[in-house]
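Trainee: Quick one: the structure is below, questions incoming.
Just so it is clear, none of the values below were taken in a lab; they were calculated from the coordinates. All of these numbers come straight from a predicted model, not from anything done at the bench. Every residue, glycine as well, gets a Cβ built from its backbone with ideal geometry; the counts of neighbours run over all protein chains shown.
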Amino acid sequence: MTRTPLKTRSPDVRSASAIGRRARLELVFEAHRGRTAIAHAYAEPPFRIGRSFDVDGAAYVILVCSGPGIFAGDALELSIVVRSGARVVLTSQSALQVHPSTAVSPAVIRHRYVVENGAELLAHWDPVIPFTGARLDQRFDLQIDEGSSVYWSDALMSGRVSRAETWCFDSVAHELRCRVGTSLKYLERFTLLPTQRSIRHPWIGGGMQYAATVLTHHERATTEAAEHLQRTIETEGGGGVRVGVDLVEPRLVVGRLLAPSGAPFATARASFRRLVIASIVGHAPDLFRK
């Protein structure tokens, strides 16, 4: 992989009316004397970069969106680079709420992650919650080197389930793209339009209200590892959790989780994460703490 040029902070040229509605976040991590540090950081409100904690040589950072959520017409952009030898643990402070507005365009979120040879990225995101009438277009672009180590998990809720507000949003467009070297290895893309086609259809969502993708790239990500994950989550899972895990490419295991309620969903995701980090990545399974 061509080394990504180190960005320097660009001046904030947004108009006053765009502050809080259009924003970008940039982070570059580098290894130094056995530890990982933030080499470059830039955040526009509502993004905020929390303190970086050292966890067994890895930089652990909680990314914060300090506003009430994202509204139709907003545009947020994240760019994160993990240099060779660096180890990074990322998570969100809380679930991202997606609100409706009178804007014509949907809420837009663009994520770009670059993980170089010998680098490690462990990222576990809280679910996105689309409110009634919300419109969201989110894209995740993972560009990783063959010799990198990556754990990734994103999630989506059907809405404010505790208020019986499920599948009431206008639209959710989602894309997760993973390139290893110059080759596209995994592409997940869908658009949900509940007003046009019921997500509750047995062949679509059935009674499921929560969904997650778990992607693992590592030299120990094998067919045997995928089968172990499948059996373990099926055995431990309760509350109607459904899971599918497979080796889609050499060194790349992808899992999908569906659940009808929040508690078993959170438990299954946490179990999946612990298993991957302990048995594949090879670290203590309690890296993620808030």
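Trainee: For residue 77 and residue 230 in one chain, what is 0.36 nm times their gap in residues minus the Cα-Cα distance, to one decimal in nm?
Mentor: Details: separation 153, 0.36 × 153 = 55.08 nm, distance 3.37 nm.
Gain on extension, residue 77 to residue 230, equals 51.7 nm.
Trainee: Looking at region 181-262, which chymotrypsin sites (Phe, Trp or Tyr not before Pro) are DSSP coil and have at most 16 other C-beta atoms within 10 Å of their C-beta?
Mentor: 203
Trainee: Which of these, 93, 143, 196, has the largest mean-square fluctuation under a Gaussian network model of the chain (Cα springs below 10 Å)?
Mentor: Evaluated over the chain, the most mobile residue of the options is 196.
Trainee: Moving on. Which one of 251, 273, 87 has the biggest mean-square fluctuation once the chain is modelled by GNM with Cα springs under 10 Å?
Mentor: Ranking 251, 273, 87 by mean-square fluctuation puts 251 first.
Trainee: What distance in nm separates the simple spin-label points at residue 222 and residue 263, each placed 7 Å from Cα in the Cβ direction?
Mentor: Here the modelled spin labels are 3.8 nm apart.
Trainee: All other residues with a Cβ under 11 Å from the Cβ of residue 125 taken together, and with Lys, Arg as +1 and Asp, Glu as -1, what is their net charge?
Mentor: Local charge sum for residue 125: -1.
Trainee: Still on this structure: Around residue 158, with a cut-off of 11 angstrom between Cβ atoms, what is the net charge of the other residues, counting Lys and Arg +1 and Asp and Glu -1?
Mentor: +1
Trainee: Give the calculated FRET efficiency between residue 64 and residue 40 to the nearest 0.05, with a Förster radius of 22 Å applied to their Cβ-Cβ distance.
Mentor: The computed FRET efficiency comes out at 0.75.
Trainee: Using Cα springs under 10 Å in a Gaussian network model of the chain, which residue among 216, 267, 182 shows the largest mean-square fluctuation?
Mentor: Checking each option, the largest mean-square fluctuation is seen for 182.
Trainee: Identify the GluC sites (Glu not before Pro) of region 213-259 meeting these criteria: DSSP loop state and at most 16 other C-beta atoms within 10 Å of the C-beta.
Mentor: Within region 213-259, the qualifying GluC sites (Glu not before Pro) (loop, at most 16 other Cβ atoms within 10 Å) are 219.
Trainee: Here's something else I'd like to know. Between rounded, prolate and oblate, where does region 23-281 land on the alpha carbon gyration tensor, with a ≥ b ≥ c its root eigenvalues, rounded for a/c under 1.5, else prolate if a/b exceeds b/c?
Mentor: Here region 23-281 falls in the oblate category.
Trainee: While we're on this one: Tell me the mean residue ellipticity at 222 nm calculated for the chain from its helices only (DSSP H runs of n ≥ 4, each -39500 (n - 2.57), averaged over every residue, nearest 500).
Mentor: Details: 2 runs with 28 residues, N = 290.
Rounded to the nearest 500, the figure is -3000 deg cm²/dmol.
Trainee: How large is the charge dipole for the chain, taken about the Cα centre, if only the Cβ atoms of Lys, Arg (+1) and Asp, Glu (-1) carry charge, to the nearest 20 debye?
Mentor: On the way: 35 positive and 28 negative charges, 115 e Å.
The dipole magnitude comes to about 560 debye.
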